[in-house]
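A quick write-up on the structure given underneath.
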Amino acid sequence: MATASHKLGPLGAEPELSEMAGMFQDSLHKFSADYLRPIGQKLDRMTPEEVIAPGSPYWEVRSKYLELGVSLDSLGELPPAEQAKMFCILFEELGWGDAGLGISFAAAALPAYMSLLFKNQYLRSLAPDDSLGCWAITEPDHGSDMLDPNRMIFHPEGNYGRPNCIATIRGDEVILNGQKAAWVSNGTIAKVCILYCAADVGQGPDTRNGACLIFPMDLKGISRGKPLDKLGQRALNQGEIFFDNVKLSKEHILAGPDTYQEAVTAIHTLANGLMGATFTGVARAAYELAHDYAHERKAGGVAIIRHQAVAQRLFHMFRKVEAARALTHRVVHYNLAAATPCLQAAMTAKITGTQTAFEVASDALQIFGGNGLTREYPMEKLLRDARASMIEDGCNEILSIKGGYLLADWDRL
């Protein structure tokens, strides 16, 4: 005989949140349900050009998000445990609503967050919270290579070749030339950019000791490519950026050659943690939709959740979501509290969250059966969004190889 099941909270087996965190989660969930998810579904059916056009629903939902008043300065003043909880709640709820929009809003905040992290007030003034930012690191010929500036996983027989984008530093001036790849999030619409590229200080371009700069995107010599047409996360604008003798003062350098690798580790650690939270949200959305459907759909004369195979599948989906959330919270808390962030820990959150999202979305689609294959239901979109996540912010294979090397005790070898 069936017994009443224990009802979990909105974030599963999560201990009771503080009053502040609970209110934060409530407001974000309402925003995601009322705006993010329906507008994300609408944007998914539009062309990349339509997504960013004046009057597009993208700008409506961006405006609604800014009305929530999420303040990086206020979040940064919280103790590490509470700050980690708030960041993870923020991006899990955004991912639950729409992964593409969640990543767009995350990328928008990176120039501001990094300027705060490096305590650079001038660059922070160029990137207020309501300014749409982009993170330009990936290059046409050097994708995940750019996340490996110390060339830890570089093949000994490899020939890196010339960087696609170079910051030439001479005296008090920086000159940018080259391009960043079509995968720059918010690349064709951003107002401010955080750029990671090779630096030339007189001995030729060097990607190992590069430059990280923050600057407005309306400077002379900056142009953009077409918005990218993608399989998933179609609400997320991505596109190339070109630099033709763009001149900047050295004030725009957030991290020069001496601290470049530290700056790569800092933003990569942050991004991987936020990816873990965002795609935990995607996995949770897929699980919840499948759970609801399993109570509504009948086969063999009963709701399909009464069938053992469906109940077992749902349990393993739930288990994976819980594990991804717990790991992400633990990793983000650790890295916010640590004197030096641990990149391999952040990589575990990114890989676990994105792999979980893809597996859970696939299982959810199976529960929906033929209906899951149609655009009338949300499952095929969630599966496409999740599939893209295993490539962005460093493909999971490259991250796991580098993560493995970061675990090595080189003093023993």
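No value in this document is a laboratory result; all are computed from the given coordinates. Values in this document were obtained by computation on a predicted structure and should not be read as measured data. Note that we place each Cβ from the backbone using ideal geometry, even for glycine, and neighbour counts take in every protein chain shown.
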Using the 10 angstrom Cβ neighbour count as an exposure proxy, how do K247, K350 rank, fewest first?
K247, K350
Ranked E296, E288, E380, criterion: other C-beta atoms within 10 Å, fewest first:
E296, E288, E380
Can you tell me the length gained on complete extension of the stretch A303 to N159, counting 0.36 nm per residue apart and subtracting the Cα distance?
46.0 nm
Which of the cysteines found in the chain have nothing to pair with, since no other Cys Cβ lies under 4.7 Å from theirs?
C88, C134, C193, C212, C342, C395
Just grab the label-to-label distance for E19 and E50, each label 7 Å out from Cα along the Cβ direction, in nm (one decimal).
4.7
Sequence of K180, K226 once ranked by neighbouring C-beta atoms within 10 Å, starting from the fewest:
K226, K180
Using alpha-carbon positions, what is the distance between the centroids of segment 215-278 and segment 279-337, in Å?
34
Enumerate the aspartates and glutamates that K381 could reach by cross-link, defined here as Cα to Cα under 13 Å, with residues fewer than 8 away along the same chain left out.
D44, D98
Row for segment 176-331, column shape: gyration tensor on C-alpha, a ≥ b ≥ c, rounded if a/c < 1.5 i.e. under 1.5, prolate if a/b over b/c, else oblate; value prolate
Those GluC sites (Glu not before Pro) from segment 11-51 that are DSSP loop and have at most 12 other Cβ neighbours within 10 Å turn out to be E16
Alpha-carbon centroids, segment 82-101 and segment 374-390: separation in whole Å
18
Calculated from DSSP helices alone, with each H run of at least 4 adding -39500 (n - 2.57) and the total divided by the residues of the chain, [θ]222 nm to the nearest 500 comes to -16000 deg cm²/dmol
So which trypsin sites (Lys or Arg not before Pro) in segment 1-96 are both in a DSSP loop and have at most 13 other Cβ atoms within 10 Å of their Cβ?
K7, R45
Rounded, prolate or oblate: which fits segment 133-259 when a ≥ b ≥ c are the square roots of the eigenvalues of the alpha-carbon gyration tensor, with rounded for a/c under 1.5 and prolate only if a/b beats b/c?
oblate
Assuming a ≥ b ≥ c are the square roots of the Cα gyration tensor eigenvalues, decide whether the chain counts as rounded (a/c under 1.5), prolate (otherwise, with a/b larger than b/c) or oblate.
prolate
Full-extension gain in nm, S63 to K230, via 0.36 nm per residue minus C-alpha separation:
57.7 nm
Estimated FRET transfer efficiency when R0 is 51 angstrom, pair L373-Q203 (beta carbons, to 0.05)
0.35
Calculate the spin-label point distance for N245 paired with S131, positioning each point 7 Å from the Cα along the beta-carbon direction, and give it in nanometres.
2.6
Taking one equal scatterer on every alpha-carbon of segment 194-272, how large is log10 of I(q)/I(0) by Debye at q = 0.19, 0.21, 0.22, 0.24 1/Å?
-0.99, -1.10, -1.14, -1.19
